[in-house]
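To start, the structure under review is shown below, and the notes come after it.
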Amino acid sequence: MDRPGLAAFLRRRRAGLSPSDVGLPETSRRRTPGLRREEVAVLAGVSSDFYARLEQARGSDPSESVVAALARALRCTPDEKDHLFRLAGVPVPPRQVARHLDPGLRHLATHLDGLPTCVYNDLGEVLYTNALDDALHGRDELRPGRDSNVYWRWFTCPASRDRVPEADRARLSAAHVSDLRATYSRRAEDAQITGLVDDLAAHSAEFRMLWDRHEVAVRRVDLKEVRHPTVGLVRLRCQVLVTPETGVRMRILLPLEGTDAAEKLELLRVLGTQRFSRRSEDAGHAPQGRARGAHHR
């Protein structure tokens, strides 16, 4: 436990909040900015004396539940909450798995209709794909659950590899496993990740072999080739943007410089728009991305 660090952090967070930030009424003029110690103690459900001793770097060690209550009372961000737990010397709790796109990420994703884009959480569950990504990979439907999980489909559904040149498959398998291993390291106590890993190991000998290597890395930049039945081989640069708070990944495929990938993607975009228009002529819809759980045929 870092008592001086914990005390300094608590004082700084308290000074940075106003009563209105935490739902308290604004009362008389305050001599110093921020909340009073007594107010933080009430919000956290601890005694004023106990909280005062924490800010003075003395007293008994706080429990995990008390640290969690302090994080809520002080309106800590996820990163600040992790920091608070480390300062208090208690295990950092795993973060919740993101199952919906936040508005900012959705806005960005929907404005990338000229590039194949897929958004998935750190368990590999696809949250969003755009029409061009679907057309490139031959994805006809986005289902909830394991059927839309990037890792599960790669290791248990042979058809998911059909458009990937055979020479690239082993490298992509290793990249998937090292990425999932990074999530496992952060969420080792989370039944969702342990269950996924156990099931993958039970269904795939290749996964078991790669998992035992203990390679850990979140893939952020890579090269990718997709063999499309209409436009042929498309060479792409894979860029993965990772949100630090939730671990959500936005995978964007960019045309590889010096190739005809840009022209092929544009052709796919036009062909996809034409097919969508024929299917939706009576409904009056415009092409758009698909969020997890939406069914399109």
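Name the pairs: first residue in the stretch 151-179 and in contact (Cβ under 8 Å) with a residue 40 or more places away in the chain and in the same structural domain as R139 (by TED's automatic domain parsing), second residue of a type in the set (D, E) and not in a helix (DSSP H, G or I), Cβ to Cβ under 8 Å, at least 6 apart or on different chains?
As it stands, the answer is V164/E225; P165/E225; D168/E225; A174/E215; A175/D222; S178/E215, since those pairs meet every condition given.
Let's see how each residue does on (1) under 25 Å from the mean Cα position of the chain (by Cα); (2) surrounded by 14 or more Cβ atoms within 10 Å (Cβ to Cβ); (3) farther than 30 Å from A182 by Cα; (4) at pLDDT 90 or above:
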residue	(1), (2), (3), (4)
S28	no, no, yes, no
L43	no, yes, yes, yes
L70	no, yes, no, yes
R86	yes, yes, no, no
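Examine the stretch 242-262 for a residue that is assigned by TED's automatic domain parsing to the domain that holds A159, over 23 Å from the mean Cα position of the chain (by Cα), under 15 Å from L112 (Cα atoms) and without any contact (Cβ under 8 Å) to a residue 60 or more places away in the chain, and state whether such a residue exists. If you could, list the steps in order and put the result at the bottom.
Within the stretch 242-262, the subset assigned by TED's automatic domain parsing to the domain that holds A159 is 242-262.
When the remaining residues are screened for being over 23 Å from the mean Cα position of the chain (by Cα), the result is 255-262.
Restricting the remaining residues to those that are under 15 Å from L112 (Cα atoms) gives 255, 262.
Then keep just the ones that are without any contact (Cβ under 8 Å) to a residue 60 or more places away in the chain; that gives 255, 262.
The answer is yes; a qualifying residue exists.
Which residue, of D122, D140, is out of contact with any Leu (no Cβ under 8 Å at 6 or more places or on another chain), among the charged types (D, E, K, R) and surrounded by 21 or more Cβ atoms within 10 Å (Cβ to Cβ)? It would help to see each step written out before you state the result.
Working: D140 fails: surrounded by 21 or more Cβ atoms within 10 Å (Cβ to Cβ).
Result of the check over D122, D140: D122.
Please specify each residue of the stretch 220-237 satisfying the condition of being of a type in the set (A, V, I, L, M) and either touching a residue at least 40 places away in the same chain (Cβ under 8 Å) or farther than 11 Å from K264 by Cα (or both). It would help to see each step written out before you state the result.
Taking the stretch 220-237 as the starting set, the residues that turn out to be of a type in the set (A, V, I, L, M) are 221, 223, 226, 231, 233-234, 236.
Within the stretch 220-237, V221, L223, V226, L233, V234, L236 qualify.
The values are calculated or read from the model by the stated rules, or taken from the named source; none is laboratory data. In this text, all values refer to a predicted model and were calculated from it rather than measured experimentally. Cβ: placed from backbone, ideal geometry, glycine included. Neighbour counts: every protein chain shown.
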